[in-house]
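The values are calculated or read from the model by the stated rules, or taken from the named source; none is laboratory data. Predicted model only: the values in this text are computed from it and were never measured. A quick note on method: Cβ atoms are made from the backbone with ideal geometry, for glycine too, and the neighbour counts reach across all protein chains shown. We work out accessible area using only protein heavy atoms, side chains counted, and drop any ligands, DNA or RNA first. Shrake-Rupley method; radii C 1.70, N 1.55, O 1.52, S 1.80 Å.
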Amino acid sequence: RVLGGAPDASPDHTADARHRSPLTWLEHAASIPLDINHGIHDGRSGSVPFTHSLHAWNAVVPAADRIDPDLIARFYDTQRPPAGGDEDIADPLYGALPPVYRKTSGNTRVTIFEGGHEILHEAALNWLAAQRKGQAANWNPPRVATLKTSVGDRESGK
């Protein structure tokens, strides 16, 4: 509706859709710390499939670190993570919704966690608090704050 019709209905709609898409602009974020997170059940019990985050990852990282689109589709279909992710993904900041897949490249990390369409406030805010302008990403932030938040019947944090 925002475009006035389907994105492929006209060249103007296609151009407008590309201009509005974060994928168009993400390559400009490659030099800053970027932590992309998504719940594995989103898209089934939520509105945005976690594949969006994996495609965002691909838009930011060097070609050698990208995830093959066929593996992304298979990951979504089976909900079984592909090989090639980080080996040790235990992360206490994710509380009851632990990471099931994580991949890191330079200043960019993607994490797919056991959850849906939600924000893990404790993980996000502690990670953000550990970042410093002009420095490499800090992937092991200390727990600065412990938060207890809930969304519906789900609880984030401890």
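Candidates are the residues of region 31-79 that are of a type in the set (A, V, I, L, M) and free of Cβ contacts under 8 Å to residues at least 24 places away in the same chain; the one that is least open to solvent (accessible area, probe 1.4 Å) is Ile72.
Within region 1-39, track down each residue that is part of a helix (DSSP H, G or I) and charged (D, E, K, R). Scanning region 1-39 gives Asp12, Asp16, Arg18, Arg20, Glu27. The number of residues in region 100-127 being outside any strand (DSSP E or B) and of a type in the set (S, T, N, Q) comes to 2. Where residues in region 80-110 are touching a Gly at 6+ places or on another chain (Cβ under 6 Å) and over 23 Å from His28 (Cβ atoms), which of them is surrounded by the most Cβ atoms within 10 Å (Cβ to Cβ)? Among them, the one singled out is Tyr101.
Suppose the filter is closer than 25 Å to Asn140 by Cα, free of Cβ contacts under 8 Å to residues at least 60 places away in the same chain and in contact with a helix residue (DSSP H, G or I) (Cβ under 6 Å, 6 or more places away or on another chain); does Leu125 pass it? Against the criterion (closer than 25 Å to Asn140 by Cα, free of Cβ contacts under 8 Å to residues at least 60 places away in the same chain and in contact with a helix residue (DSSP H, G or I) (Cβ under 6 Å, 6 or more places away or on another chain)), Leu125 does not qualify. Kindly evaluate Ala64 against the criterion of being under 28 Å from Lys133 (Cα atoms), at pLDDT below 95 and either more than 13 Å from the chain's Cα centre (by Cα) or not in a helix (DSSP H, G or I) (or both). No: the conditions fail for Ala64.
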